[in-house]
Amino acid sequence: MRTSSHGSIHRRAALGLALLLASGIAAAQAYPARPIKLIVPFPPGGGTDIIAREVANKVATSEGWTIVIDNKPGSGGNIGVDAAAKASPDGYTLVLGQTSNLAINPSLYTKLPYDPVKDFQPIINAARFELALVVHKDVPANTVAEFIAWARKQPDGVSFASYGAGTPSHFLGEMLNRSAGLSMVHVPYRGSTPARQDVMGGIVPAYFDTVGGALQLLPSGRVKVIATSGEKRSPLMPAVPTFVEAGLKDVVATAWFAYYAPAKTPKPVVDQLRAEFTRAVNSREVRQQLLQNGMYPVGDGPEALLKTMREDTARWAAIMKAVNFQAND
C-alpha cells in the first residue's frame, strides 16, 4: 500500500512537471501574442532611452514584434524598476536597467522597494559606457589641472550637475571632489536632457555627462569636454585625456545598460527574448548607433551579467563610503 501511494505521488509529480514544461514551451511558441512594454526608468532623450528605442526598432523590423517604450522616471530610476519588478511575469513587461538602478541604489537607499537579484530574471547586458566632464564654454579651463585650479579660486564655490542623485554621473563628481580636494556642490537633475540644457546655458558651469551625451553637445559650440572617465581614452574622443592621465587614478567610472524581465518569467520566453535582443545588439545598424552615441555593445548573458552586478554593487558601495555619502530612506 505504501509503495503504491509513493508511486502515485511520483507519477503526479512527473505529470505536473511535464505539464509545466509543456506550458512554458507553448508560451514561448505563442510569444509574443501582443505588444511588449519596455519600461525605461529615465526621461526621453537620455542614453537609456536611446538604446531602448534602437534595439526595439531593430527587433520590430527583423521580427515584426511591437515593443512599446514606457518612460517612468523618478527616484533615481526606482519608480520604473519597481513597476517592472511587480509586473506580471509573462514576458510582456520588461525593464532596461542600468548601473545606477541595480548596482548603486542597493547601497544608496536603505529601503529599496525591489531586490535587484531576487526580483528579476536577467536577459542581456546590452552595452557599457563612460562619462565625461563637460563645462560651459566660458569656464577658463581646457585641462583637468586648469579646471581644478579655477574651481579652487571661486569665492562662491562651484556647482556641478548630474543626471540624477546616486547615479554614476553624481558619483564621478564626488570622486573628483575627493581626489582633487575640491568642494563642488552637487546639483541633481531629473535626467540628462535638462542637465544638458543648463550646462549649455551656463546655469551650471560643469556637468558629468555620458561620452555619448557630450558628443551631442559639442557641435553647439557652447561647451567643452575636459576629460573622460575610463581607464583608457575613449575611442570616440581620442583627443580628450582621462582623469587617470591627469594624475587622478581614483577617478574612474564606467556603467552599463541591461535588459531584465520580472522573476518567474518562463525560461523559454526569457530565452527567446535573449536571442532576439542579442541578435539586435550585434546587428551592424544597432552597433553603429550605439557607438555614435558613446556606447559600446556588450551582449553578455545572465551569468556574466549577474557577476558584473555583484562586482559593481561592491565597488560602488565602497565609493559611497569613501566619499562619505549618506544613504537615503
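The values are calculated or read from the model by the stated rules, or taken from the named source; none is laboratory data. Nothing here was measured: the structure is a model prediction, and the numbers come from that model. As a convention, Cβ positions derive from the backbone with ideal geometry for all residues, glycine included, and neighbour counts pool all protein chains shown.
On inspection, Arg233 fails the criterion of being of a type in the set (Lys, Arg), surrounded by fewer than 22 Cβ atoms within 10 Å (Cβ to Cβ), outside the structural domain of Pro297 (by TED's automatic domain parsing) and closer than 17 Å to Gln98 by Cβ. Annotation note: Cβ proximity below 8 Å between a residue of region 188-201 that is of a type in the set (Lys, Arg) and a residue that is crowded, with 16+ Cβ neighbours inside 10 Å and in a strand (DSSP E or B) (sequence gap 6+ or interchain) occurs for Arg196/Tyr207; Arg196/Asp209.
Applying the condition of being touching a Leu at 6+ places or on another chain (Cβ under 8 Å) and part of a strand (DSSP E or B) to region 94-116 and asking which residue is surrounded by the most Cβ atoms within 10 Å (Cβ to Cβ) yields Val95. Here Thr265 qualifies as more than 21 Å from Leu133 (Cβ to Cβ), modelled with pLDDT of 95 or more, polar (S, T, N, Q) and in contact with a strand residue (DSSP E or B) (Cβ under 7 Å, 6 or more places away or on another chain). Between Thr210, Thr193, which is in contact with a strand residue (DSSP E or B) (Cβ under 7 Å, 6 or more places away or on another chain), assigned by TED's automatic domain parsing to the domain that holds Asn142 and polar (S, T, N, Q)? That would be Thr210, the only listed residue that is in contact with a strand residue (DSSP E or B) (Cβ under 7 Å, 6 or more places away or on another chain), assigned by TED's automatic domain parsing to the domain that holds Asn142 and polar (S, T, N, Q). All conditions but one from (1) among the aliphatic types (A, V, I, L, M); (2) surrounded by 24 or more Cβ atoms within 10 Å (Cβ to Cβ); (3) in the same structural domain as Ala314 (by TED's automatic domain parsing); (4) without any contact (Cβ under 8 Å) to a residue 60 or more places away in the chain apply to Ala161; the one that does not is (3).
Within region 78-107, residues that are closer than 22 Å to Arg274 by Cβ and without any contact (Cβ under 8 Å) to a residue 60 or more places away in the chain sit with their Cβ atoms under 9 Å from residues that are surrounded by 23 or more Cβ atoms within 10 Å (Cβ to Cβ) and among the small types (Gly, Ala, Ser), at 6+ positions apart or across chains, in these pairs: Gly80/Gly97; Val81/Gly97. For Lys264, the conditions (1) in the same structural domain as Gly80 (by TED's automatic domain parsing); (2) not β-branched (Val, Ile, Thr); (3) not in a loop (DSSP other than H, G, I, E, B) all hold with the exception of (3). Applying the set (1) in contact (Cβ under 8 Å) with a residue 24 or more places away in the chain; (2) over 29 Å from Thr167 (Cα atoms) to Thr61 leaves exactly one unmet item: (1).
Going by what's in this entry, would Ala132 be described as over 19 Å from Val298 (Cα atoms) and either outside the structural domain of Leu306 (by TED's automatic domain parsing) or in a strand (DSSP E or B) (or both)? Answer is yes for this residue.
Only strands (runs of 3 or more DSSP E) whose full extent lies in region 136-227 are considered here, and none of them has at least 3 residues that are hydroxyl-bearing (Ser, Thr, Tyr) and within 23 Å of Gly45 (Cα to Cα).
In the same structural domain as Pro89 (by TED's automatic domain parsing), among the β-branched types (Val, Ile, Thr) and part of a strand (DSSP E or B), is that true of Val298? Taking the combined requirement at face value, the residue satisfies it.
Table: residues versus (1) closer than 20 Å to Ala145 by Cα; (2) touching a helix residue (DSSP H, G or I) at 6+ places or on another chain (Cβ under 6 Å); (3) buried (at least 22 other Cβ atoms within 10 Å of the Cβ).
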| site | (1), (2), (3) |
| --- | --- |
| Met175 | yes, no, yes |
| Thr193 | no, no, no |
| Gly202 | no, no, no |
| Tyr207 | yes, yes, yes |
| Gly213 | no, yes, yes |
| Gly221 | no, no, no |
| Val225 | yes, yes, no |
| Ala239 | yes, no, no |
| Thr242 | yes, no, yes |
